[in-house]
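Following: one structure in structure tokens, then a few remarks.
Values in this text are rule-based calculations from the coordinates and carry no lab data. Since the model is a prediction, treat every value here as computed from it, not as a measurement. As a convention, Cβ positions derive from the backbone with ideal geometry for all residues, glycine included, and neighbour counts pool all protein chains shown.
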Amino acid sequence: MNLYESKSVEKIEGGPSNLRIKPIYALEEVFNNTLPTGPIKIILDNLEQHIRNAAKAKDLDQPSLAAFSNVRGLWFEIIISVYAWNYRINNGLSDCFIIKMPNMKTYDFRRIFDNLTLKMLDQLEGSLKNNDSKIRLIPSNPDMILVHQKGLISNADDLITNLSEKNVEKLTRLYHEINGRCEWSSIFAGIGLTTSMRPDRRLQLVYEGNILKSIFAHLSTRHWNNKVSFQYYGASSVKHSNADDEAFQTAATHTIVNVNSVPERAVDGIFSLQNTDDINKMLDEITRNNL
């Protein structure tokens, strides 16, 4: 394509740089006729290079490494989302949905619950505030949730074969279709995604697993049903180390304060997704263990 016509970068005025990255357009321009396959790092590098080439063609500043940090993370999430969408169709999991969630500033994932469960969570937060005005329930959205509930999403039987803007919008807006409709017991797993295994990112995944599992433990008590379990996993585009493995063995806090509880991990497993083939292998393991 003529990179001067690319929509993946646009000129802006008044900022530290004279351009803005448009990551969804980059996906469409590179993968309009196919899906990305192969080593994920190479896929992300090629998308980044497309942005750089477009900026050069338009005589704009070259984006900084920091500018690509969140963009590469978004690309990684969307690649997993499209593979997850096709996985459920190819494996006949018609009532299982693997849904990309936005960040907490955009949408509080608790809003996916039905009215009864949402009321219970509101009551929990209210009791915390009544006890101390400076105590709040502040969860962190999982990057993806896995839901098993019949009839949750309509028109969900067609494979996605490219990363057009329309298809990407469909994947990134699925959470709107489940707003206020999820039964608490239908959400069986969450996944935290990262393109880095920095120590602070490791701790964020442990925190997310802890708070999410505590929420589901509370709901289990309120519904008087201890047979429902929620699993939380981490997945990275880079290989994890022994230090990563040790960090993810951290106990889920709510399971070590009651002698009747069986201790469990905050993060039930960590996956290295270095190739697109690894995505289906991860989903095989998660669904096999939970469905």
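Going down the table (Lys105/Lys134; Lys22/Lys56; Lys22/Lys166; Lys100/Lys170; Lys170/Lys213), which pairs top 18 Å between alpha carbons?
Lys105/Lys134; Lys170/Lys213
If each DSSP helix of 4+ residues adds -39,500 (n - 2.57) and the sum is divided by the residues in the chain, what number results at 222 nm, nearest 500 deg cm²/dmol?
Using -39500 (n - 2.57) per qualifying helix, the result is -14000 deg cm²/dmol.
Starting from the Cα gyration tensor of the chain, take the square roots of the eigenvalues, sort them a ≥ b ≥ c, and report rounded, prolate or oblate (rounded when a/c is under 1.5, otherwise prolate if a/b is larger than b/c, else oblate).
In terms of gyration-tensor shape, prolate.
Take each complete run of DSSP H in the chain, measure how far its Cα atoms stretch along the helix's own axis, and keep only those covering 18 Å or more with mean Kyte-Doolittle hydropathy at least -1.0; list them.
Sorted by number, the helices that extend far enough and score high enough are 40-57, 65-90, 115-131, 199-222.
Amide H to amide H under 5 Å from Gly269: which residues, 5+ apart in sequence or cross-chain, H placed 1.01 Å off N in plane?
Gly234
Hey, rough spin-label estimate for Val257 and Tyr207, points 7 angstrom out along Cα→Cβ, what's it come to in nanometres?
The answer from the label model is 1.8 nm.
Out of all DSSP beta bridges with both ends in the range 90-290, state the antiparallel percent to the nearest 5.
Here the share of antiparallel DSSP bridges comes out near 50 percent.
What FRET efficiency comes out for Asn275 versus His223 if R0 is 35 angstrom and r is the Cβ-Cβ distance? Round to the nearest 0.05.
Once rounded, the FRET efficiency stands at 0.30.
For the range 1-109, which chymotrypsin sites (Phe, Trp or Tyr not before Pro) pass both filters: DSSP loop (anything but H, G, I, E, B) and at most 15 other C-beta atoms within 10 Å?
Passing sites in the range 1-109 are Tyr107.
Within the range 170-260, which chymotrypsin sites (Phe, Trp or Tyr not before Pro) sit in a loop by DSSP and count at most 12 neighbouring Cβ atoms inside 10 Å?
When the chymotrypsin sites (Phe, Trp or Tyr not before Pro) of the range 170-260 are filtered for loop state and at most 12 Cβ neighbours within 10 Å, Trp224 remain.
Restrict the search to the range 194-291; then list the trypsin sites (Lys or Arg not before Pro) that DSSP places in a loop and that have at most 16 other Cβ atoms within 10 Å of their Cβ.
Lys227, Lys239
Set Lys and Arg Cβ to +1 and Asp and Glu Cβ to -1, take the dipole of the range 3-73 about its Cα centre, and tell me which of Val71, Pro16, Leu3 lies farthest positive.
Highest projection toward the positive end goes to Val71.
Within a 10 angstrom radius of the beta carbon, how do Thr195, Thr34 rank from fewest other beta carbons to most?
Thr34, Thr195
Over what distance in Å are the Cα centres of the range 1-49 and the range 233-291 separated?
Their Cα centres are 32 Å away from one another.
So, in nm, how far is label Asn242 from label Asp95 when the simple model puts each one 7 Å beyond its Cα toward the Cβ?
Here the modelled spin labels are 4.6 nm apart.
Going by the alpha-carbon gyration tensor, a ≥ b ≥ c the square roots of its eigenvalues, is the range 229-291 rounded (a/c under 1.5) or, if a/c is not under 1.5, prolate (a/b greater than b/c) versus oblate?
It comes out oblate by the Cα gyration axes.
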